[in-house]
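Okay, so here's the structure we're looking at.
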Amino acid sequence: MALVSGPPGQLIAIGVGDLLVVVLVAAVLVAVAVFVGVLVSRRSRTSEQDLQHDLHEQRQDIERREHRIAEREQRLDQDAAALAARAAQVSDTEEQHRAALERVAGLTAEDARAELVASIESDAKRQAAIGARAIERAAEQEAEVRARHILATAIQRLASEQTGESVVSLVHLPSDDMKGRIIGREGRNIRSFEQVTGVNLVVDDTPGAVLLSCFDPIRREVGRLTLEELIVDGRIHPSRIEEVHHRSEAEVERLCVRAGGDAALEMGITDLHPHLVATLGRLRYRTSYGQNVLRHLVESGHAAGLLADELGVDRAICVRAAFLHDIGKALTHEAEGSHALVGAELARSYGEHPDVVHAIEAHHNEVEPRTVEALLTQAADSISGGRPGARRESLEVYVERLHRLEKIALAKPGVEKVYAMQAGRDVRVMVAPDLVDDIEAQVLARDIAKQFEQELTYPGQIKVTVIRESRATETAR
C-alpha cells in the first residue's frame, strides 16, 4: 500500500498496481515529448537548408537582372547618342532649307515662274543660234566638195527608173456595195481593221476602190493583202479580220524570202547563208530617201562589178560587198548602232570574207577604208544613190518623224502596239488591260502628248488615243 495526497488535509491509499500504471504513463509521455522534440529539430534544420538554397537562387537571379539592366542602359546610351547626332543633322538641314527659302522669299510664285521661263527661253535661243551658225559653216565647207564629187561621178551613173513618193495603196472593189460591208455596222469593221493592221483605210467617193495609207510599206502591204482576201471571201467582221491578217503577215514573210533569193540570183551569188537571204528580202519593202533599198543594193552590185572590171580587181568580192553593204538597215530597229556596223557584224557572224565585212563597215567612213574593195563599195553606193531621180529626202524625213512618234509611245510601260495614223496627226496606242487601268490610260495619253511636245517638231496637232480592250474567250465542247 502507498499513501498519496488527496483533498486538502487528507491522504489517499493506493495500491502498487495503480502506481505502476501511473509511472508507465509518465514514461510514455516523456518518450513522446522527446520524439516530438527530435522531429521538430530535424524539420527546423531542413527548412533552414531550403531557405538558404532559395536565397542563393534569388541572389543569382538578381545578378542576372542587374547584368541585363546594365546592357540595356548601354544600348540606350548608344541610341541616345545616335539620336542626338541625327537631331543635329536634321537641325542643320532645316537651317539650310530655311536659308534657301529666305533667299527666294522676296519673289511671288508668278514672279519666280516668269523668271524661270525667261531664263529657259534665253538659253534655248542661244543654243539655237549657236547650232544655226555651226550648220551654216559646215554647209559652206562641204558645198564645194560635194559639188565637185557630183560632177565627177555624173558620167558613171546608171540609168534606172525614178523613185516616186507614195505612201498609199489602191485596192479595187467588185462593186460600190462592198464599201458598206467594209465599213460595217457603225464603223465596227473599219475600226477593227485599222486597229489590227495599223493602216488607215480611206473610204471616199472614188468609184470601185478604197485607199490604204501607211508610212510603213511592210505594214501597208500586209493590210493590202488582208483587205483583198476579205473582199474575195466576203466575210468581213473583227474576228475574221484578225485571222486573215495573221495569214497575210506569213505571206509577206514568204514573199520577202523569195525577193531576197531573186536578188541574189540576179547578182550571180548562190552561196549566201539562208538567214542573210531572208534578211535581204525584208529590204524589198524598205526605202531610203524614197529609194527602194533592195533595188539600191542590186544597182550598187552592178556598178561595183563595172568598176572592178575597169580597175582589174576582184569582181566577186566587190559585187558581194556592194550587194550586202546596206543589209544592216533591215535590223536597225532590233540592234543598237548604225546600219553599217550592224550589217558588218551580221555578215561576220555568217562567215563572210573579211574584205566584204570591212567594205560594209567602212562604206560610210565610220571605219577608215583600208582596201580597194571598200573604196569601190563607197563609189557604187554613191552612183546608185546619187543618180538623178533616185532619192527624195522629203519622204525619208516624213517616215523618220512617224517612226519617232511610235518609238516614244512604245517606250512607255504597259504599251503593246503603237500605230501612227493620218500622216502622224493621230497616234493610237494599244495597252495591256491587265497592266494599265482606265485612270492610268488617261495619264499615259497625257504623258505621251507632253513628250511629243517636248521632243518633236511637227505642223498642226497630234491626237493621242490610248485603247484599252479586255476580251474573255471560252470554247464550248
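When we screen 331, 297 for residues that are surrounded by fewer than 23 Cβ atoms within 10 Å (Cβ to Cβ) and either farther than 29 Å from residue 406 by Cα or not β-branched (Val, Ile, Thr) (or both), the only hit is 331.
Summed over the stretch 397-424, residues that are within 15 Å of residue 198 (Cβ to Cβ) and either in contact (Cβ under 8 Å) with a residue 24 or more places away in the chain or not in a strand (DSSP E or B) (or both) total 16.
Taken residue by residue, the stretch 241-251 has at least one member that is hydrophobic (A, V, I, L, M, F, W, C), within 27 Å of residue 415 (Cβ to Cβ) and without any contact (Cβ under 8 Å) to a residue 12 or more places away in the chain.
Among residues of the stretch 425-444 being touching a Ser or Thr at 6+ places or on another chain (Cβ under 8 Å) and surrounded by fewer than 19 Cβ atoms within 10 Å (Cβ to Cβ), the one that is nearest to residue 198 (Cα to Cα) is 426.
Considering only residues in the stretch 319-368 that are touching a Lys or Arg at 6+ places or on another chain (Cβ under 7 Å) and modelled with pLDDT under 90, the one that is farthest from residue 309 (Cα to Cα) turns out to be 330. Identify, please: which residue in the stretch 185-238 is of a type in the set (Asp, Glu) and closer than 22 Å to residue 281 by Cβ and is, among those, surrounded by the most Cβ atoms within 10 Å (Cβ to Cβ)? Restricting to residues being of a type in the set (Asp, Glu) and closer than 22 Å to residue 281 by Cβ, the top hit is 221.
Selection within the stretch 254-302: residues that are in contact (Cβ under 8 Å) with a residue 12 or more places away in the chain and of a type in the set (Asp, Glu). The member of this set that is farthest from residue 318 (Cα to Cα) is 266. In the stretch 441-465, the residues that are under 21 Å from residue 417 (Cα atoms) reach residues that are of a type in the set (Val, Ile, Thr) and part of a helix (DSSP H, G or I) with C-beta atoms within less than 9 angstrom, at least six apart or across chains, in these pairs: 448/408; 451/408; 452/408; 455/408; 456/408; 464/448.
Of all residues in the stretch 304-323, exactly one satisfies the criterion of being touching a Leu at 6+ places or on another chain (Cβ under 6 Å) and over 19 Å from residue 370 (Cβ atoms), namely 323.
Residue by residue, here is whether (1) assigned to a loop (DSSP other than H, G, I, E, B); (2) more than 15 Å from residue 323 (Cα to Cα) holds:
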site	(1), (2)
228	no, yes
245	no, yes
250	no, yes
272	yes, no
296	no, no
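Within the stretch 441-460, being over 17 Å from the mean Cα position of the chain (by Cα) and assigned to a helix (DSSP H, G or I) holds for 441, 442, 443, 445, 446, 449, 450, 452, 453, 454, 455.
The values are calculated or read from the model by the stated rules, or taken from the named source; none is laboratory data. Keep in mind the model is a prediction, meaning the values are calculated, not measured. No Cβ is skipped: glycine too gets one built from the backbone with ideal geometry, and neighbour counts run over all protein chains shown.
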